[in-house]
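The values are calculated or read from the model by the stated rules, or taken from the named source; none is laboratory data. Note that the structure is a prediction, hence the values are computed from the model and not measured. Cβ sites come from the backbone with ideal geometry, for glycine too, and all protein chains shown count toward neighbours.
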Amino acid sequence: MNRQIAACLSAIFFSLACEVGEDFIPDNTLDPSNPDYIPPQVTITASPTEGQIVSSAQITFTWEGNSDEMSYRYSFDDIWTNWQENVKSVTIKHIDEGSHQFSVKSSYINGDSSEAVSVNFSVDAVEGPSLIFNPRYKKSAVGQTFQLSLIAEEVTNLSGAEVTLTYDAETIEIMDVLQGQLFKNLGGDIIFITDHSPSMGKVVISTAVWGAGEPAASGSKSLAEIQVKLKKAGNTTIGIDASSKFRDPNNKTIDIMQIVEAIVESE
């Protein structure tokens, strides 16, 4: 009898219900029917601020839940990961120029999950005029064909380009090289010539626009669209040779400030 009374007194001290003859069973704080239940929550603790323009292609994100032993999943540009226990940070590399969104959710062991918390930001890590691939990182299955855009980034008064691409012909195959949007809708005549040497792993692209009024392109647009197939597992790159050139309407060379190659990895 004394043990039963002691159990009841202890339950009263913690504001819990207990009657003589009953075992002491604490409330389950992870039971949504519990009036004291707090739904799972998550807070992003380190990231770009909302609307920030970031000058790096690599960003670390961290977050924190409202309870120990929670699981988390995150998304970058709407691609979600699986749930992972107690993982509270990620470093994302090779982020492309432009707008992005990072989101994260938390979950209890009972399966209840929080609403997504998100931050929107932009990356401007490349100083133009430059030549870059988009995406700069691509994951692909062996045998799959995908497309990479070769971008003339932040150019001014550009009317011609000669670009040499290099690649490992044993790992990838260049299926086709198509004209991009750079010189379209300028009202001039366009040339677009490719010289592809598969055995050497090299593609030379020559393109230009000319006509009345000396048409030229400014801004950031695709110079070419590259269709690629991964032939075997592993990591490889598609490079842009340093001999590549930009030219203005007077055929003068425009210095290329940066070159960003494409990284291709097998799934």
Open item on the list: Among the residues of the range 138-156, what is the count of those that are buried (at least 17 other Cβ atoms within 10 Å of the Cβ) and in contact with an Asp or Glu (Cβ under 9 Å, 6 or more places away or on another chain)?
Closed with: 7
- [ ] Kindly establish whether GLY111 is part of a loop (DSSP other than H, G, I, E, B) and either among the acidic types (Asp, Glu) or crowded, with 18+ Cβ neighbours inside 10 Å (or both).
- [x] no
- [ ] Could you check how many residues of the range 114-155 are in a strand (DSSP E or B), within 26 Å of TYR72 (Cα to Cα) and not charged (D, E, K, R)?
- [x] 9
TODO: Using the structure shown, decide if THR91 is part of a strand (DSSP E or B), more than 12 Å from the chain's Cα centre (by Cα), loosely packed, with under 15 Cβ neighbours inside 10 Å and hydroxyl-bearing (Ser, Thr, Tyr).
DONE: no
Open item on the list: Looking at VAL20 and the list (1) in a strand (DSSP E or B); (2) modelled with pLDDT under 95, which single condition is not satisfied?
Closed with: (1)
- [ ] Kindly indicate which of LEU178, LEU182, LEU223 is of a type in the set (A, V, I, L, M, F, W, C), at pLDDT 95 or above and not in a strand (DSSP E or B).
- [x] LEU182
